[in-house]
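Accompanying notes for the structure given below.
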Amino acid sequence: MRTTYFLFFFFITGFLFAAEPSPTFHRDVEPILQRKCQSCHRPGEAAPFALVSYDQARPWAKAIRNSVIQRKMPPWHADPHVGKFVNDRSLSEAESKALIAWVDGGAPRGDAQDAPKPAVWPQGWTIGQPDAVFEMPGYDVPATGIIGYQWVKLPTGFTEDKWVQAVECRPADSARPMVHHIAAVWRRPDSPSMKGLAQGTFAAKGPGAGELGMSDGLLADYVPGMPGLIFPAGKAMLLPAGADILLQIHYTPTGKAVKDRSKVGLIFAKEPPAEAVLNLAVVNGRIRIPPGDPHHRVDAAVTFNKPVKLLALNPHMHLRGKSFTVRATLPDNTTQRLLNVPRYDFNWQTTYETGEVALPEGTRLEASAWFDNSPNNPWNPDPKAEVIFGDQTTDEMMVVFTHIAVPHSFDRRKLLRRNAPATSSSYDGPSKPTR
Ligand code: HEC
């Protein structure tokens with residue numbers, strides 16, 4: 001009786017092992033690393049170590065297991081149950097399981113015959129050969145220290161309006177590991193915020209009036225691991241004649257001094273597009289976060305006067321940012337949740353590409369943000385401060401940058417309903433004078 005029982009047991013476990021052998025690097029893990037990790041974890045990219053060969057990955061096995069379990073890697077902060085994103089880089093359930101099982105099984109190498117072909121990464125521009133390139137003068141990134149945002153003004157000299165089909169910001173290859181982010185905005189030459197700005201690089205508090213992307217357009221941004229921006233066929237973004245491009249660059253020194261020459265590449269639409277892509281910032285500039293408040297809510301909303309298509313969402317807060325949600329309330333009063341970022345991380349300024357979400361005329365696009373100004377927030381520079389809106393990292397912001405497609409002929413000044421309820425902050429305490 002007992003013997004049969006044991007035989008039966010051996011039969012079952014043997015069968016299970018035969019059906020699901022422990023994952024190996026070459027067969028199971030390497031394809032996942034190629035798909036989901038090597039955009040950053042390869043030589044010369046933003047991550048501090050490569051995950052290309054077995055010998056590179058093996059020492060990190062335990063750390064990989066932890067980062068997958070804690071959902072720290074790949075960096076992707078959208079709640080998987082809300083919205084769908086064409087650039088979603090998170091791991092599927094099966095991929096996470098395979099990585100964890102590989103580590104638990106002793107992180108075996110497996111048979112090199114099972115390995116996928118090495119991934120081929122674009123050298124240079126990911127958008128293709130640009131029609132125009134603007135390069136900044138060299139900037140010496142020091143080996144150590146904390147560097148304030150650098151601003152670079154790049155005049156385009158365009159004498160006619162241009163329709164941008166694709167755009168990419170690229171740090172110099174040698175400086176890639178030190179470039180934390182680049183935001184490229186365009187400004188009309190008569191924009192008040194451009195007054196008195198020298199050409200070239202300067203360290204500054206920022207262009208002053210008109211925070212990034214709010215007065216004129218945000219053109220593109222660069223964060224490690226994200227390719228350039230290519231708008232769908234028939235959709236392009238207007239860059240008016242005479243516009244200046246302004247780069248905001250955040251350098252994070254890595255122990256090695258380098259010279260950066262970041263550049264912006266543009267590809268123009270061959271013909272005027274049927275639809276214009278607008279960069280619309282849904283913002284609440286009247287933030288006042290009370291000292292010590294662990295869960296302070298701020299809302300912002302706009303109402304569309306016309307049917308539009310939503311293409312992308314990029315929530316933006318600073319060190320006290322905690323969570324962020326975006327939803328659309330349709331004219332029939334139903335609500336569609338578009339994005340939920342339950343644990344916002346200011347280190348990762350992610351653009352969530354929504355595909356094309358049609359929003360009928362009268363739709364209210366609503367965003368809610370929560371801030372943690374308590375001492376429990378490890379990033380909080382000063383829990384005793386009342387925090388207001390501003391572009392310093394010690395100030396706060398409550399913005400969701402969006403890409404919206406509208407018919408080409410549409411007058412963008414009439415895009416939003418004027419009588420829509422104003423954005424509001426939920427706090428009415430004492431305020432500091434605005435600088
Ligand atoms: C978008 C870029 C990017 C992608 C994609 C990415 N990583 Fe990372 N990874 C980084 C950066 C940058 C760091 C350095 C630490 C940090 O900034 O969080 C890092 C750190 C790590 C660490 C060290 C964590 C620690 O606790 O020290 C591990 C392990 C790791 N990544 C594994 C992975 C794996 C596995 C994948 C794919 C499943 C992946 N990463 C995808 C950028 C990326």
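Pick out the one residue from Asn377, Asn347, Asn314, Asn340 that is within 29 Å of Met178 (Cα to Cα) and in a strand (DSSP E or B).
Only one candidate passes the filter, namely Asn314.
Taking the condition within 11 Å of the ligand (Cβ to nearest atom) and over 21 Å from Pro108 (Cα atoms), does Trp76 pass?
Values: within 11 Å of the ligand (Cβ to nearest atom): yes; over 21 Å from Pro108 (Cα atoms): yes.
Yes: the conditions hold for Trp76.
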State the number of residues belonging to the stretch 59-73 that are near the ligand (Cβ under 8 Å from one of its atoms) and of a type in the set (Gly, Ala, Ser). 2
One residue is enough: does the stretch 290-304 have a residue meeting the conditions within 16 Å of the ligand (Cβ to nearest atom), outside the structural domain of Met73 (by TED's automatic domain parsing), buried (at least 20 other Cβ atoms within 10 Å of the Cβ) and outside any loop (DSSP other than H, G, I, E, B)? no
Among the residues of the stretch 147-158, is any surrounded by 22 or more Cβ atoms within 10 Å (Cβ to Cβ) and among the basic types (Lys, Arg)? no
For the stretch 43-58, what are the residues that are near the ligand (Cβ under 10 Å from one of its atoms) and modelled with pLDDT of 90 or more? Phe49, Leu51, Ala57
Cβ pairs under 7 Å, 6+ apart or interchain, first in the stretch 36-60 and assigned to a loop (DSSP other than H, G, I, E, B), second acidic (Asp, Glu) and surrounded by fewer than 19 Cβ atoms within 10 Å (Cβ to Cβ), ordered by first then second residue, are Gly44/Asp173
Members of the stretch 323-359 that are in contact with a strand residue (DSSP E or B) (Cβ under 8 Å, 6 or more places away or on another chain) and farther than 18 Å from Val399 by Cβ: Thr329, Leu330, Thr335, Gln336, Arg337, Pro342, Arg343, Gly355, Glu356, Val357, Ala358, Leu359
List every residue pair whose Cβ atoms lie under 8 Å apart, where the two residues are 6 or more positions apart in sequence or sit on different chains, the first residue falls within the stretch 72-89 and is more than 18 Å from Arg35 (Cβ to Cβ), and the second residue, located anywhere, is of a type in the set (Lys, Arg) and within 12 Å of the ligand (Cβ to nearest atom). none
Checking Val86 against (1) closer than 22 Å to His181 by Cα; (2) within 13 Å of the ligand (Cβ to nearest atom), only one condition comes out false. Which one? (2)
Of all residues in the stretch 251-288 being surrounded by fewer than 20 Cβ atoms within 10 Å (Cβ to Cβ) and of a type in the set (Val, Ile, Thr), which is nearest to Phe324 (Cα to Cα)? Thr252
Note on the stretch 373-399: residues in contact with a His (Cβ under 7 Å, 6 or more places away or on another chain) and either buried (at least 19 other Cβ atoms within 10 Å of the Cβ) or modelled with pLDDT of 95 or more (or both) are Asn373, Glu396, Met397, Val399
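Matching residues to (1) among the aromatic types (Phe, Trp, Tyr); (2) farther than 30 Å from Leu219 by Cα:
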site: Arg58; (1), (2): no, yes
site: Ser67; (1), (2): no, yes
site: Trp76; (1), (2): yes, no
site: Val86; (1), (2): no, no
site: Ala101; (1), (2): no, yes
site: Ile127; (1), (2): no, no
site: Val133; (1), (2): no, no
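Among the candidates Ile267, Ile245, single out the residue that is β-branched (Val, Ile, Thr) and in contact with a Gly (Cβ under 9 Å, 6 or more places away or on another chain).
Details: Ile245 fails: in contact with a Gly (Cβ under 9 Å, 6 or more places away or on another chain).
Of Ile267, Ile245, the one residue that is β-branched (Val, Ile, Thr) and in contact with a Gly (Cβ under 9 Å, 6 or more places away or on another chain) is Ile267.
The values are calculated or read from the model by the stated rules, or taken from the named source; none is laboratory data. Everything numeric in this text was worked out from a predicted model, so none of it was measured. Reconstructed Cβ throughout: ideal geometry from the backbone, glycine too, with neighbour counts over all protein chains shown.
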